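These notes are about the structure you will find just below.
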Amino acid sequence: MPKITFMGAGSTVFAKNVLGDSMMIPALAESTIALYDIDAQRLQDSRMMLENINRNNGNKARIEAYLGVENRKDALRGANYVVNAIQVGLYDPCTIIDFEVPKKYRLRQTIADTLGIGGIFRGLRTIHVLKDFARDIEEVCPNAWFLNYTNPMAILSGYMQRYTNVKTVGLCHSVQVCAVSY
C-alpha cells in the first residue's frame, strides 16, 4: 500500500482537495496518509476532516498525524509520495510584507508569492526548510516523489532538483481550472 506524506497538513482546504481526491482513486484508496504540521490545532482540524472523508469512503485509508519537527522523520519514513504545501512565516506578517515592501518602493509585481520581489523573499524564507525536508527524505524515504505545491513553485522545485537527490515535480493547483475564452 502506498504512503502519502502531506507536509503542511494544517492547510486544511488544500489537504482536503488533494488527499480527498487521492482517497477516491482506487489505486490510492488504501494508502497510509501521514499528515505533518507544526501547528497542533490546524493539524487536528485536518485530521478530523480527512477521517470524515475516509469514513464516507469505507475507511479504506489509514490516517496518521505527526506534530512538530521532532516527528518529521517518522511522518516521512517509508513514504512513496511527499506532498509539500507549507507556508513559512504565515500570511501575517510575511505574505503581507511581500506585498507591502515592493509597493512602498513603487515596484510592480503581479503575484507576490510567485514572481518579483515578493516571490524572491518567499523563496529565501522557504528554501532553508526544504533543505531540512530533503535531508530527511534522502535518509528515510529516498525513493519518494516530492510533489511541490508551495510557491514560488519554480524557485523551490528548481532548488530541490539542482541541489538535492530528491525526485521532485513542481505542480500548480490552479492549472486544472484554467479556461480560455474567445
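The values are calculated or read from the model by the stated rules, or taken from the named source; none is laboratory data. None of these values were measured; they are calculated from a predicted model. Here Cβ is always computed from backbone atoms with ideal geometry, including for glycine, and neighbour counts include all displayed protein chains. Just the protein is used for accessible areas: all its heavy atoms, side chains included, with ligands, DNA and RNA removed. Shrake-Rupley method; radii C 1.70, N 1.55, O 1.52, S 1.80 Å.
For region 89-101, which residues satisfy the criterion of being touching a residue at least 12 places away in the same chain (Cβ under 8 Å), of a type in the set (A, V, I, L, M, F, W, C) and under 16 Å from THR126 (Cβ atoms)?
CYS94, ILE97
For the list (1) of a type in the set (Ser, Thr, Tyr); (2) out of contact with any helix residue (DSSP H, G or I) (no Cβ under 6 Å at 6 or more places or on another chain); (3) under 20 Å from ASN143 (Cβ atoms), I need the number of the one condition that THR95 fails.
So THR95 meets the others, but not (3).
Give me the pairs, please: first residue somewhere in region 66-88 and open to solvent by 60 Å² or more (accessible area, probe 1.4 Å), second residue anywhere and of a type in the set (Gly, Ala, Ser) and at pLDDT 95 or above, beta-carbon distance under 7 Å, and either six or more positions apart or on two chains.
The qualifying pairs are LEU67/ALA40; ASN80/ALA144; TYR81/ALA144; GLN87/GLY8.
For region 1-31, which residues satisfy the criterion of being under 17 Å from the mean Cα position of the chain (by Cα) and polar (S, T, N, Q)?
Across region 1-31, the qualifying residues are THR5, SER11, THR12, ASN17, SER22.
Regarding LEU67, is this residue over 22 Å from LEU156 (Cα atoms) and out of contact with any Asp or Glu (no Cβ under 9 Å at 6 or more places or on another chain)?
Against the criterion (over 22 Å from LEU156 (Cα atoms) and out of contact with any Asp or Glu (no Cβ under 9 Å at 6 or more places or on another chain)), LEU67 does not qualify.
With respect to THR110, is the statement that it is within 16 Å of the chain's Cα centre (by Cα), at pLDDT below 95 and assigned to a loop (DSSP other than H, G, I, E, B) true?
When the stated conditions are applied, THR110 does not pass them.
Determine, yes or no, whether SER46 is open to solvent by less than 60 Å² (accessible area, probe 1.4 Å), polar (S, T, N, Q) and in contact with a Pro (Cβ under 8 Å, 6 or more places away or on another chain).
Answer is no for this residue.
Residue by residue through region 134-174, note down the ones that are open to solvent by 10 Å² or more (accessible area, probe 1.4 Å) and in a helix (DSSP H, G or I).
ARG135, ASP136, GLU138, GLU139, VAL140, MET153, ALA154, ILE155, TYR159, GLN161, ARG162, TYR163
In the list LEU50, LEU35, which residue meets the criterion of being in contact with a helix residue (DSSP H, G or I) (Cβ under 8 Å, 6 or more places away or on another chain), closer than 22 Å to LYS131 by Cα and aliphatic (A, V, I, L, M)?
LEU35
When you go through (1) free of Cβ contacts under 8 Å to residues at least 40 places away in the same chain; (2) surrounded by 13 or more Cβ atoms within 10 Å (Cβ to Cβ) one by one for VAL13, which number turns out not to apply?
Exception for VAL13: condition (2).
Can you give me the number of residues within region 111-158 that are of a type in the set (Val, Ile, Thr), free of Cβ contacts under 8 Å to residues at least 40 places away in the same chain and touching a helix residue (DSSP H, G or I) at 6+ places or on another chain (Cβ under 7 Å)?
3
Go through the residues of region 14-35 one by one and say whether even a single one is closer than 17 Å to ASP74 by Cβ, among the charged types (D, E, K, R) and either modelled with pLDDT of 95 or more or touching a Gly at 6+ places or on another chain (Cβ under 6 Å) (or both).
No, because not a single residue in region 14-35 is closer than 17 Å to ASP74 by Cβ, among the charged types (D, E, K, R) and either modelled with pLDDT of 95 or more or touching a Gly at 6+ places or on another chain (Cβ under 6 Å) (or both).
Counting only residues that are among the small types (Gly, Ala, Ser) and open to solvent by less than 40 Å² (accessible area, probe 1.4 Å), how many does region 32-43 have?
1
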